[in-house]
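Right, one structure below, let's go through it.
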Amino acid sequence: MALLRNILSTAYGPAGRLKQIHNNVGGHVLTTSTSTALLKRVDMSEPLLKMISTAVQHHTACYSDCGLFLGIFTLRLIENTQNNGLRTAAAAKVYKHLVEECNMYLKGDSCGCKVPVDFSNSDSLIALARSMIASKPACMLNSRETKHISSLIAQAFLYSIHCNSSGVSCFGRTVTIGIEGQSVSDSSVFPGLLVDVPEMLQHADLERLGSGPFKVVLFSVSLSGDISEVGDVTLEIHRGVDPERDLLQQLLKLGEQVVMDKVNLFACQKVVHPILQHYLRKHGVVVIERLGLALMEPFVQLTGGQAIASLCSSVPVEAYGMVKEFCLQSCGSRELFQLLPSKDAAVTTMVLCHRNETMLEELKMTCKRAEHVLRLTLKEPYALLGGGCTETLLATHITHMNCSKASTIAQALCISHSEFIMAVKAFCSSLQSVALSLEHDGQDCLIDLTYAHRWVPDIYSKTCSCGLVEDRSNLEKTPLNTAYHTFSPVSLENTDSQPRILDSFSAKLNALNVAVEMANFVLDVKYIIKDIN
């Protein structure tokens, strides 16, 4: 358990240490610091550690952030409980009570570590995206590149929201394309969908088509003309019948129909027979084959059409879609075919460039998760202070609120006064340990005794870790996780300062609750029965 905590805590934050994962027989080497990639590829023999790992992975699948926070807080809570000799039943009661108080405080209007997300100004969205990008050192970005990518994520998020929707509407889609070997500054966001340039397509072909809108048809079934592509069915073939020739005739009949229906773009998820391609191109139809499963849903959303799953029947009128325009776009070293929606389809393509494959894969995963975190703000339009300030402020608030009413609460929970105080200290010490995990270079972490924000001594920085509180000569500070008098954190009012680092409100709130549930569960386990045969 200590080993897993050490792996997670040393990977935590912008200065987190990278981990390389590979098996003992060679193969691909993964370099990362993200909880999802780490836990997915690390085998664990202990059942309880497997459960904690599964809980973290499930959380990140739903919320895309705060996986390392969840893992570190869970393991610290378990260790502190065991080291203090607390009874499991007493600890579980207190932890459940404390996490409920955390929920009330974080959701309340008087919460000092919560800031509203203003959708009329992109600054808070960019700050939230930048905090996620900066916390992933395997992306290997400098400050200028981090700022550029954060702006692109916020831009892609805003593109994915329908402008003129009324009532219930769905999010748009952001398709991510990676280009290896290019500078990060070449990354960009394009409206519409970008795909590989169709074979033999020239600028002159597009000029002959003129201006849009253009009619589109999409097939999800293979049009290769190969009899083996028909599917897992039993075929009865009569003497003298050539099934492949008949299949090709059916494909050409399909081609004749789409030409008669004035289709301009013919797309297929799989392969299109060369003869059908030649026929369509001869009649001025642009052909895209091997579109792939991942692009099918964005393509349907962009065009408003329907994917056709059969080649044996005529194409229904309602299956046709439309695009406003298509053109060729140069993206770094690649040329791509851009499809622009004719309506408010909210489909966007993010082209990400990086210097090598490892950095590019980490950047792609991080950008997808960052955009998802921004989407969560639409449901709960808040963010929490980052840089460990939420953890220190929350721990100070919980200590102050409960120590003043310790006897009353302990009696209500049917435990002793001393057990309650020990459990509160274990809980708050675990929270502060997460804030301590952000520092990896041996520097002291401090907490101020007025606002309860986290500080790292730095001659170049005159603010707390989140950037909200400015330093001053009379602001008293003390090292984190040391004894100091309890106090109620003072809320900042009428300040022009804006936090530099933000955390996802939804993700951290859920991680806090899951961590307490998992810690209580693990502490309650008395025996593990395993079949060793």
Mean separation of Cα pairs under 8 Å and 6+ residues apart, divided by the residue count of the stretch 193-344: what relative contact order is that in percent? 35
Filtering chymotrypsin sites (Phe, Trp or Tyr not before Pro) in the stretch 417-476 by DSSP loop and by at most 13 other Cβ atoms within 10 Å leaves TYR460
Alpha carbon Rg of the stretch 464-511, scaled by the compact-globule rule 2.2 N^0.38 Å: 1.43
Cα pair distances in the chain, grouped into 20 Å bins until the bin that holds the longest one, percent each: 19, 42, 27, 11, 1
Inverse of <1/r> over all distinct C-alpha pairs of the stretch 193-344, i.e. the Kirkwood Rh in Å, gives 16.1
With label points set 7 Å from each Cα along the Cα-to-Cβ direction at GLU101 and SER45, the distance between them in nm comes to 4.1
Here FRET efficiency (C-beta to C-beta, ALA406 to ILE459, R₀ 41 Å, nearest 0.05) is 0.50
Can you give the relative contact order of the chain as a percent, counting alpha carbon pairs under 8 Å and 6+ residues apart? 23
Accessible area per residue for the stretch 193-344 in Å², computed with a 1.4 Å probe and the full protein assembly in place, what is it? 55
How many angstrom lie between the Cα centre of the stretch 425-443 and the Cα centre of the stretch 279-300? 54
Taking the C-alpha atoms of the stretch 355-431, convex hull volume expressed per residue in Å³: 152
Given charges of +1 on the Cβ of Lys and Arg and -1 on the Cβ of Asp and Glu, with all other atoms neutral, how large is the dipole of the chain about its Cα centre, in debye to the nearest 20? 620
Trypsin sites (Lys or Arg not before Pro) within the stretch 426-533, DSSP loop, no more than 11 other Cβ atoms inside 10 Å: LYS462, ARG472, LYS526, LYS530
Any idea how far apart PHE521 and HIS485 come out in nm if each label point goes 7 Å out from Cα toward Cβ? 4.3
From zero up to wherever the largest Cα-Cα distance of the stretch 53-170 sits, split into 5 Å bins and tell me the percent of pairs in each. 2, 8, 11, 14, 18, 16, 12, 8, 6, 4, 1, 0
Which three extents, in angstrom, do the Cα atoms of the stretch 1-89 have along their principal axes, listed largest first? 46, 28, 25
Set the Förster distance to 41 Å, then compute FRET efficiency between LEU252 and ARG355 from the Cβ-Cβ distance, nearest 0.05. 0.30
Only Cα pairs under 8 Å and at least 6 apart count here; give the relative contact order of the stretch 38-158 as a rounded whole percent. 13
Where labels lie 7 Å past Cα in the beta-carbon direction, separation of ILE529 and THR10 in nm: 3.8
The alpha-carbon center of the stretch 1-65 and that of the stretch 491-510 are separated, in whole Å, by 27
For the stretch 102-191, diffusion coefficient by Stokes-Einstein and Kirkwood Rh (Cα), 10 °C, 1.306 mPa s, µm²/s: 102
For the cross-link pairs LYS405/LYS477; LYS270/LYS379; LYS50/LYS508; LYS50/LYS147; LYS343/LYS368; LYS270/LYS324, which exceed 29 Å when the distance is taken from alpha carbon to alpha carbon? LYS270/LYS379; LYS50/LYS147
Report, largest value first, the span of the C-alpha coordinates of the stretch 405-533 along each principal axis, in whole Å. 60, 44, 30
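The values are calculated or read from the model by the stated rules, or taken from the named source; none is laboratory data. Values in this document were obtained by computation on a predicted structure and should not be read as measured data. Cβ sites come from the backbone with ideal geometry, for glycine too, and all protein chains shown count toward neighbours. Protein only, heavy atoms only, side chains kept; ligands, DNA and RNA dropped before computing areas. Shrake-Rupley method; radii C 1.70, N 1.55, O 1.52, S 1.80 Å.
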